[in-house]
Amino acid sequence: MIFLVDASVYVFRAYHSDLPEMRDRDGNPAHAVFGFARFLGDLIERTRPAYMAVAFDQRRADSYRNRIYPPYKANREPAPPDLALQFEHCRALCRHLGVVDLVAPEYEADDVIGTLATLMRAAGVRSAIVTRDKDLAQLVRNGDLLWDFGARGQLGYHDVARLFGVFPERFADYLALTGDPVDNVPGVPGVGHRTAASLMKAFASLEELYANLPDVAKLSLRGAGRLGARLTEHREAVFLSRRLTRIACDLALGVDAEGLRRRAPDLDGLGAFYDRLGFGPFLRQQGARIAAAG
């Protein structure tokens with residue numbers, strides 16, 4: 001199994017945690033790096049993965065999705081200025097721990113993870129997608145896991161269907177119907193998660209839904225009689241939204257399955273790295289345990 005980590009989720013979680021203030025030798029904040037290091041070390045110790053990769057976001061203003069829809073994520077506040085350097089330190093940490101770190105500037109970490117999951121599936125390796133972002137549920141197939149390490153339990157293929165009411169293969173279509181105000185994804189006004197899940201149970205895809213709109217009125221949904229007209233009115237927005245919600249799984253990342261094997265930590269480099277950031281013995285001891293365990 002390969003463990004594919006959505007880094008931003010856990011860096012931000014550490015940044016907003018109640019960790020005490022920490023500063024590196026130059027006086028820059030470092031507590032998010034410490035929290036991420038503790039998370040990643042705990043994950044490695046618990047799972048001892050043969051394969052592992054950590055995906056980071058480094059999205060540009062002319063990214064793939066912004067070219068499709070310029071308002072995409074335009075309503076989001078920029079990351080705090082003191083986080084940029086901490087993200088770079090988190091990438092360096094991965095390398096010291098022997099873990100591949102990847103970015104795709106025109107895309108998002110989701111797309112990196114989707115591409116790696118597809119690559120490893122072709123090699124016969126299942127994926128554990130470590131995230132708290134529900135959008136990544138669309139990548140789960142039989143034998144895979146969706147896991148918010150340290151918080152929510154592990155979700156398999158059928159667990160996703162039970163929790164969200166829709167199977168992973170239809171998840172991007174489901175999200176296209178509901179939209180997402182956080183990311184400025186339009187969707188259909190008035191169509192919530194329950195209605196979208198019911199539609200995706202009744203129809204295999206958006207194409208099948210729109211080819212059979214008269215049948216929507218027969219569903220046991222509140223307002224089903226008017227729903228077809230609303231879907232017709234917002235058809236263009238729905239298919240645009242799916243282009244935004246569907247994770248790209250075909251990026252040219254320049255890595256193969258063998259290149260995703262976890263290596264032994266570089267303990268000398270890790271120790272010097274922790275010295276620069278002003279970290280104490282806890283993480284060094286964990287790094288030594290990881291190296292000894294293999």
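When the P(r) is computed for segment 168-238, the part past 21 Å accounts for 13% of the Cα-Cα pairs. Working note: Cα gyration tensor of the chain, eigenvalues times five, square-rooted, sorted largest first, giving semi-axes of 39, 21, 16 Å. Helical content of the chain, expressed as a calculated mean residue ellipticity at 222 nm, amounts to -13500 deg cm²/dmol (DSSP H runs of 4 or more residues, -39,500 (n - 2.57) each, divided by residue number, nearest 500). Of A217, A197, A161, the residue with the greatest mean-square motion in the GNM of the chain, using alpha carbon springs below 10 Å, is A217. When restricted to Cα atoms, segment 164-203 yields an Rg and a Dmax of 9.4, 27 Å, respectively. Only protein atoms count toward the accessible area here, which uses a 1.4 Å probe; on segment 36-172, the carbon and sulfur part of that area reaches 50 percent.
Solvent exposure of the chain, expressed per residue, is 47 Å² of accessible area, with all protein chains present and a 1.4 angstrom probe.
Let me know the volume per residue of the alpha-carbon convex hull for segment 10-156, in Å³.
Value for segment 10-156: 132 Å³ per residue.
The largest-to-smallest principal axis extents of the Cα set in segment 46-111 are 41, 26, 18 Å.
For segment 93-133, the square roots of the Cα gyration tensor eigenvalues, ordered a ≥ b ≥ c, give a/c of at least 1.5 with a/b no greater than b/c, which places it in the oblate category. Once you compute Rg and the Kirkwood Rh from C-alpha atoms, what is the Rg to Rh ratio for segment 217-257? My calculation puts Rg/Rh at 1.33.
Using equal-weight Cα scatterers in the Debye expression, the normalised intensity of segment 166-294 in log10 at q = 0.14 Å⁻¹ is -0.68.
With r defined as the distance between the Cβ atoms of N75 and A204 and R0 fixed at 35 Å, what FRET efficiency is calculated, to the nearest 0.05? Calculated value: 0.60.
The values are calculated or read from the model by the stated rules, or taken from the named source; none is laboratory data. Source: prediction; values computed, not measured. Cβ sites come from the backbone with ideal geometry, for glycine too, and all protein chains shown count toward neighbours. All accessible areas refer to the heavy atoms of the entire protein, side chains included, with ligands and DNA or RNA removed. Shrake-Rupley method; radii C 1.70, N 1.55, O 1.52, S 1.80 Å.
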